[in-house]
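**Student:** Below: one structure in structure tokens.
Coordinate-derived values only; no laboratory data. Computed from a prediction, not measured in an experiment: that's the story for all the values here. When we count neighbours, we look across all protein chains shown, and the Cβ atoms used for this are built from the backbone with ideal geometry, even at glycine.
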Amino acid sequence: MKLLEYFRSRSSSVSLWIVLFTLLTFIYVLPIWIFKYFPSQDGPCHIYNSFILKHYNDPDYVFNQYYEVRKSPMPNWASHAFMTPLMYLVPPLIAEKILLTAYVILMAVSMLYFLNAVESGRMSLVFIGFPFIYNFLLLMGFYNFMLGVGMFMLAVGYWWKHFDAFGVRNMAVLSLLLVVLYFCHLVPLALAMFSIAVIAIVSFPRGFARWRQALLSFLGMLPAAGLALYYTSTRGTERAGVWELSRLWQYFIRNESLAYHSENQIVFGKMVTGAFVILFFYTLIRDRRWRLRLRLRRRDFLLLLSIAFFVIYLKAPDDMSGGGFIKMRMSLFPFLIIIPWLSWDMPKVMRGVVGGLLMLLATAYIAHASYYHKILSDDIAVYNSGYDAVEKNKVLLPLASDYIGRSWRIGIYTHTPGYYGYKRGCINLINYEAGTDYFPTVFKPDFHRPSIEQVHVKQAEIDFAEYVDDVDYVLTWALVPGSDMETGILAHYSLVKHNGNLKIFKRMDE
């Protein structure tokens, strides 16, 4: 009877945590749907370029006159491959919301899957990772990278769970997961393959069977490794960007990746770091192996990987092969990889209290962030109030004197013209994806236009007389009255829309 009661009690406890996990995941999805616009920097550009892919050969649009579509296998395809077919079923803005919802669920489920793959029965520990779902990289609009973070935990967790009996079928599944990860982003792919390779190699001394499993693991990595080698061979490995060591320590310890729309969010970053530190030392104290003598288990290699990731974070360049923000991207992984290593071996009541506090922290964090999401969504609505003033299929030159607005670190007005791009079928000249060579769309080489750099940061260099025959509308945000830019615009364009900081000018000959 006592044994039966134990299992009933355990089942009830697990069910409660499943309900709480589902509830917290739902809470993290809510900001995506209750506010009209998700206030990210690059998100509108991703929506716009997915819309271009859908309507590239549509005679109702002129996208194929200004853009080319790359068909080479490159990273950063994931969000476009997800949203483009969705747009046949739902409006573009809803397609982004579905993508972001899938991302939140992916992150939550993959964290839990990875945790249980290492050791089951510690479900409430997953709450410590929830704040990382919303972070600086996501709000920058790096959707492909953040999808890659979720896929990283899913791929490593799958490999970990099945390694003891790793067969040909497991190799095929791992290969598929890593290829999908390649089409998300190279950084999480490289770290996933590094993690699998390191742990597989240290398993060699445990017997011949481990050699077979390790060999199949390496074979499973070959397709994604080949794709990554192809990409880097075409892009090169040029490096740039250096941070001072003191700044690196500060960014990591304060967990500044969790602060984006308000400097006040750093308080939550410090609290999350504090929770990790407490559980880290609790694990060391609780585990007698570390007190008596160093005797590594397989799980302890997650701690070593966390240390290795932190060293990479310190030493890696901030820019490489055309990609940037590498240090900020790397700052997430030492925390995420160590979660399954943390001990949850504590009395039941204590587990409930600690799990509840972690859930409360995660909930408070997203509630605080949602306050700014509401403010910034309303601001974006003002920016988008000029749809009626812009004709369909025209060339639009957007210029912003203030990219950030009421956000702390995110340039929410940087790529907001992407909304005009899909709403009116405009050719958006601030479409940074089309000005690079690592996204699906690219401007045609004979398209006479200001460079992406000029539109972004060197607006004073733009000669409006030079481009007046190619640009139908100029959209400005926070334009300084009487400035040289306004004088240059008014020489060739007339004001047709004014709402707050928004001004739209139309070419005079039309």
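**Student:** Pop out the ³J(HN,Hα) list for segment 383-398 in order, Karplus 6.51 cos²θ - 1.76 cosθ + 1.60 with θ = phi - 60°, rounded to Hz; leave Gly and Pro as x.
**Tutor:** Each residue of segment 383-398 in turn: 4, 8, 7, x, 3, 5, 8, 10, 6, 6, 6, 9, 8, 10, 9, x Hz.
**Student:** For the chain, what is the mean residue ellipticity at 222 nm derived from helices alone (per DSSP H run of n ≥ 4: -39500 (n - 2.57); sum divided by total residues; nearest 500 deg cm²/dmol)?
**Tutor:** -18500 deg cm²/dmol
**Student:** Can you list the HN-Hα couplings for segment 264-278, worked out from phi with the Karplus curve (6.51, -1.76, 1.60; θ = phi - 60°), rounded to whole Hz and with x for Gly and Pro?
**Tutor:** Coupling constants for segment 264-278: 4, 5, 4, 4, 5, x, 5, 5, 5, 4, x, 5, 5, 4, 4 Hz.
**Student:** I've got another one for you. Can you give the Rg to Rh ratio for segment 401-469, taking only C-alpha atoms and Rh from Kirkwood?
**Tutor:** 0.97
**Student:** Of all beta bridges DSSP finds with both residues in the chain, what is the antiparallel percent, to the nearest 5?
**Tutor:** Taking every DSSP beta bridge with both residues in the chain, the antiparallel ones total about 70 percent.
**Student:** Which trypsin sites (Lys or Arg not before Pro) does segment 55-103 hold that lie in a coil by DSSP with at most 11 other beta carbons within 10 Å?
**Tutor:** 71
**Student:** May I pose another question? Once phi is turned into θ = phi - 60°, what whole-Hz ³J(HN,Hα) does the Karplus curve with 6.51, -1.76 and 1.60 give for every residue of segment 110-120, x standing for Gly and Pro?
**Tutor:** Working through the residues one at a time gives 5, 4, 5, 4, 4, 4, 6, 5, 7, 6, 7 Hz.
**Student:** Sequence-distant or interchain residues sharing an amide H contact under 5 Å with residue 185, placed H: which?
**Tutor:** 76
**Student:** May I ask you to list the lysines whose Cα is less than 23 Å away from that of residue 348, ignoring any residue fewer than eight positions away on the same chain?
**Tutor:** Here the lysines satisfying the reach criterion relative to residue 348 are 2.
**Student:** Continuing with this model, one more query. In the structure displayed, which of 327/423; 327/497; 71/423; 97/503 lie more than 30 Å apart, Cα to Cα?
**Tutor:** 327/423; 327/497, as the Cα separations exceed 30 Å there.
**Student:** May I ask for the percentage of alpha-carbon pairs in segment 117-375 that lie more than 25 Å from each other?
**Tutor:** Cα-Cα pairs in segment 117-375 separated by more than 25 Å: 49 percent.
**Student:** Would you mind listing how long segment 42-168 runs along its three principal axes, going by Cα atoms, in whole Å with the largest first?
**Tutor:** 56, 35, 25
**Student:** Continuing with this model, one more query. Where the only charges are on Cβ atoms (+1 Lys, Arg; -1 Asp, Glu), what is the dipole of the chain about its Cα centre, to the nearest 20 debye?
**Tutor:** 3360 debye
**Student:** Quick check: convex hull of the Cα atoms in segment 387-435, volume per residue, rounded to a whole Å³?
**Tutor:** 88 Å³
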